[in-house]
Every structure is written in structure tokens, then in C-alpha cells.
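Everything below concerns the one structure shown next.
The values are calculated or read from the model by the stated rules, or taken from the named source; none is laboratory data. Please read these numbers as outputs of a predicted model, since none were measured by experiment. Neighbour counts run over all protein chains shown; Cβ positions are idealised from the backbone, glycine included.
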Amino acid sequence: MKKNKKVILKREIEKPIKVWGKQLKLTRVLLILSVGLIYFISLYIEIKTLTPLIIGIIPAILFIISLRLYQNRIVYFGNYSIECSNAGDLYLTKLKGDCPTCGGQLKIVKKSNTEYIQCQNNTEHKFYLEVN
């Protein structure tokens, strides 16, 4: 990883995700989605039609996205991302930064114990994440 280049990555947008005026927490989302999955599976077992399984695909996909968010603390959707704070609060953010080497867009990569900034054009362009 490169240490000597000055990399600037800033948040253009940082909006807390709220439902009925309350900050949305990741643990609540996971709990609600897991209860929803259990409901759709039990409904399928009881009525023996595929309708609950087909409708249950939506919470299943959201559950997988939430688990990925729980692991990485950030999930990208095009130019936007959903970030999770250490307290579990969810935020819709838009990160902006240019790679000093090639000029490509930068993104934060969070793996098990490491965090770094990586270029989307060239994955070899990695930079240390500096916390101020």
C-alpha cells in the first residue's frame, strides 16, 4: 500500500436514515428482516403455495445486504453508499475522491482488521486510511 501520496476522500452527502423520525439502527433492521423471513417460511409451510416464497425474496435480499453491511460497515450502490457507525446508526452517504495516480474514483474498503482506500479503476492503487 502506498503511504506517501496525499489522498483526499470527502463525504458530499451524509444523511441519517430515519423511519418515523427515529434513527434507523442496523440491529433493528436485522431483527425485523429475520422475523419477516421466518414468517414467510412458516406461511409457505402452512399454505403450500409458492406465493410466500416469491414475496419472501425481498426480505431475503435485504437480509443479505444487511449482513454484508454488518460485516463491512459500508455497502456501495453506484455513487452512493450506506454506512454503519460504531453505534449501529445507518447513514446514506456519497463519497467523492480522485486517485492521485490515475484520476479514478476512490472508495473505502473495509476488511476484517484493515481499512484502506482503493481506486475503482485499478485495484493496485491502494492507500492507507488516515483518521484525523
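Within the stretch 90-100, identify whether any single residue is over 20 Å from L24 (Cα atoms), part of a loop (DSSP other than H, G, I, E, B) and of a type in the set (D, E), and answer yes or no. The answer is no; no qualifying residue exists.
Listed by first and then second residue, the pairs linking a residue in the stretch 68-79 that is within 16 Å of I17 (Cα to Cα) to a residue that is part of a loop (DSSP other than H, G, I, E, B) and β-branched (V, I, T), with Cβ atoms under 6 Å apart and 6 or more places separating them unless they lie on different chains, form an empty list. Tell me yes or no: at least one residue of the stretch 16-35 is within 12 Å of the chain's Cα centre (by Cα), farther than 26 Å from Y128 by Cα and assigned to a helix (DSSP H, G or I). Scanning the stretch 16-35, I find at least one residue that is within 12 Å of the chain's Cα centre (by Cα), farther than 26 Å from Y128 by Cα and assigned to a helix (DSSP H, G or I), so the answer is yes.
Here E83 meets each of (1) under 13 Å from K110 (Cα atoms); (2) among the acidic types (D, E); (3) surrounded by fewer than 17 Cβ atoms within 10 Å (Cβ to Cβ) with one exception, condition (3).
Checked against the criterion of being touching a His at 6+ places or on another chain (Cβ under 9 Å), under 23 Å from F127 (Cβ atoms) and part of a strand (DSSP E or B), the stretch 76-84 contains not a single residue that satisfies it.
Scanning the stretch 105-120 for residues that are assigned to a loop (DSSP other than H, G, I, E, B) and at pLDDT 80 or above yields one hit, Q120.
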